[in-house]
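Structure, as structure tokens:
The values are calculated or read from the model by the stated rules, or taken from the named source; none is laboratory data. Since the model is a prediction, treat every value here as computed from it, not as a measurement. Cβ placement follows ideal geometry from the backbone for every residue including glycine, while neighbour counts extend to all protein chains displayed. Accessible surface is based on the protein model in full, side chains and every heavy atom, while ligands, DNA and RNA are left aside. Shrake-Rupley method; radii C 1.70, N 1.55, O 1.52, S 1.80 Å.
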Amino acid sequence: MKLALIRRQFTATGGAELYLQRLVAALVAANHEVHLYAENWEGAPAAVTLHRVPVKAPRALRPVRFAEAVAQMMVPVDYDVVFSLERTVSQDVYRAGDGVHKVWLDQRRHYASWWRRPFVGLGAFHSNMMALEKRTFDPAVTRQIIVNSDMVRQEILREFGYPAECIHLVRNGIETARFQQGDRSGTRQKFGLADSDFVMLFVGSGWERKGLHFLLRLMGRLEKTDPRVKLLVVGKGKLPGNVPRNVILAGPMPQVEHAYAAADLLTFLPIYEPSSNVVPEALASGLPVITSAFNGAAEWLTEGVNGHVLPAPEDTDALEKAVRYWMARPEARPVPCEHALDLETNVRETLRVLEQVAVAKRDEANASVPE
């Protein structure tokens, strides 16, 4: 196959980029011809043709200008499949890894302070993103959609009425072996954690969206009632106020598998997350997970077996009850998971969708040729 892949930017630590790296490697290994369209991409494999998409525009217009530029560049080229990881207007398959922008704004508005709510979603950037998203989810523009959670599938059906039979669920995958090799004792020693401490873990940046402030409320309560409980925060962000003494700010950790090894429980309560990789990372590490119902990765969990899903992430009482459930069950680790966690399964299922689309396009082209 001759394939075009679209991704605006490449960052070495991004979950979508790791997914795309593995997909590209699999495509190249299978002797497919791969073309990448991006504003910038450092370290593209030698067997891949990189097409730089120059975009000069303010933030509010940049995604739209990129989508238009890519569409224009592809006009004279014939690809078997065009696969986009961005909201664009010239693709056969779109991976909705960022979820639905309108739903994110609705959630952000719901959880904002009363005085901020009228201002959430205002401005040209958000209106342009929603207009671009509407074009992307038009069946006349996009043949098939890949989602990484059923939550996002339902959002697309509800907001855009896209044909259900054209939406494919391909869950995220991670490097499972990496998360089974962490150093528990060394990492605990590094952060001053005792063997008797019960360590909750939070991993992520963009702390407002990912609900760190909900965890800090609980830690403020437990600081007085249960000094054994600690919260290890990995990542960077802006904290809303004072930090309780039982919270350890580790900053970014390139070898984050050591943080999982040091922990007893992952606590991650986003107000909107299409499907967070930290959930399968924790499960691969053997950790139970407490997350919110607004995280598509909550679908990995079986209640009381490998985690808990909180309908309201701000419910501190429910959070404490779930934490104490796992504190009382150290023998439950490592917890099981009925879903495949590995990245290879993710890549294989993605390739299947791309191949189906390529076959359908060839059949349509052959059917249109007069005998």
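Roughly how many Å² is the accessible area per residue of the chain, as a whole number, for a 1.4 Å probe?
Each residue of the chain exposes 46 Å² on average to a 1.4 Å probe.
Per residue of the range 329-341, in order, report the coupling 6.51 cos²θ - 1.76 cosθ + 1.60 (Karplus, θ = phi - 60°) as ³J(HN,Hα) in whole Hz, putting x for Gly and Pro.
10, x, 6, 6, 7, x, 7, x, 8, 7, 8, 5, 9
Please name whichever of P163, N242, L218 sits farthest to the positive end of the charge dipole of the range 144-245, dipole taken about the Cα centre and charges placed at Cβ: Lys and Arg +1, Asp and Glu -1.
It is N242, whose Cα lies furthest towards the positive end.
Summing +1 for each Lys or Arg and -1 for each Asp or Glu, what net charge is found among the other residues whose Cβ lies under 15 Å from the Cβ of D78?
-1
Which net charge results for the neighbourhood of M327, defined as the other residues with beta-carbon distances under 13 angstrom from its beta-carbon, given Lys and Arg at +1 and Asp and Glu at -1?
+1
Would you work out which of S276, F191, A29 lies farthest towards the positive end of the dipole of the chain, given +1 charges on the beta-carbon of Lys and Arg and -1 on that of Asp and Glu, about the Cα centre?
F191
In whole angstrom, note down how far apart the Cα centers of the range 283-354 and the range 113-149 are.
Spelled out, the Cα-based centre of one part sits 27 Å from the other.
For the range 176-328, build the charge dipole from Cβ charges (+1 Lys, Arg; -1 Asp, Glu) around the Cα centre, then report which of L301, P311, L232 sits farthest towards its positive end.
Result: L232.
With runs of 4+ DSSP H residues as the only contributors, calculate the mean residue ellipticity of the chain at 222 nm using -39,500 (n - 2.57) per run, divided by the residue total and rounded to the nearest 500.
-11500 deg cm²/dmol
Around A284, under 12 Å between beta carbons, what's the net of Lys plus Arg minus Asp minus Glu among the other residues?
-3
Hey, how many Å between the Cα centroid of the range 17-35 and the Cα centroid of the range 265-279?
27 Å
Nearest 10 degrees, 0 to 90: what angle lies between the long axis of helix 101-111 and the longest principal axis of the chain (Cα atoms)?
20 degrees
Classify the range 21-93 as rounded, prolate or oblate, taking a ≥ b ≥ c as the square roots of the eigenvalues of its Cα gyration tensor: rounded when a/c is under 1.5, otherwise prolate if a/b is larger than b/c and oblate if not.
prolate
Could you give the dipole magnitude of the range 176-328 about its Cα centre, charging the beta-carbon of Lys and Arg +1 and that of Asp and Glu -1, in debye to the nearest 20?
480 debye
Among the lysines, select those whose C-alpha is under 25 Å from the C-alpha of K321, and discard any that sit fewer than 8 residues away in the same chain.
K210, K224, K230
Name the shape class, rounded, prolate or oblate, that the alpha-carbon gyration tensor gives for the range 191-242, where a ≥ b ≥ c are the square roots of its eigenvalues, rounded holds for a/c under 1.5, and otherwise prolate holds if a/b is larger than b/c and oblate otherwise.
oblate
What percent do you get for the relative contact order of the chain when only Cα pairs under 8 Å and 6+ apart count?
15 percent
Grab the beta carbon distance between V75 and Q9, set R0 = 22 Å, and tell me the FRET efficiency rounded to 0.05.
Calculated value: 0.40.
Relative to the Cα centre, what is the charge dipole magnitude of the range 57-174, using +1 at the beta carbon of each Lys and Arg, -1 at the beta carbon of each Asp and Glu, and rounding to the nearest 20 debye?
680 debye
Could you look at the range 176-328 and say what percent of its accessible area is carbon and sulfur, using a 1.4 Å probe and all protein chains?
Roughly 51 percent, rounded to a whole number.
Once the convex hull of the alpha carbons of the range 174-297 is built, what does its volume come to per residue, in cubic angstrom?
Enclosed volume per residue, from the Cα hull, is 96 Å³.
Taking the Cα centre of the chain as origin, sum charge times position over the Cβ atoms of Lys and Arg (+1) and Asp and Glu (-1), and report the length of that vector in debye to the nearest 20.
It comes to approximately 1420 debye.
Does the chain come out rounded, prolate or oblate by the C-alpha gyration tensor, with a ≥ b ≥ c the root eigenvalues, rounded set by a/c under 1.5 and, if not, prolate when a/b is larger than b/c and oblate if not?
In terms of gyration-tensor shape, prolate.
Under the Karplus relation 6.51 cos²θ - 1.76 cosθ + 1.60, θ = phi - 60°, what is the ordered set of whole-Hz ³J(HN,Hα) values for the range 131-148, x standing for Gly and Pro?
5, 5, 5, 4, 5, 4, 8, 8, x, 6, 9, 10, 5, 9, 10, 9, 10, 9
Report, please, the projected area of the range 126-225 averaged over directions, based on the convex hull of its C-alpha atoms, in nm².
Computed as one quarter of the Cα hull surface, the answer is 10.5 nm².
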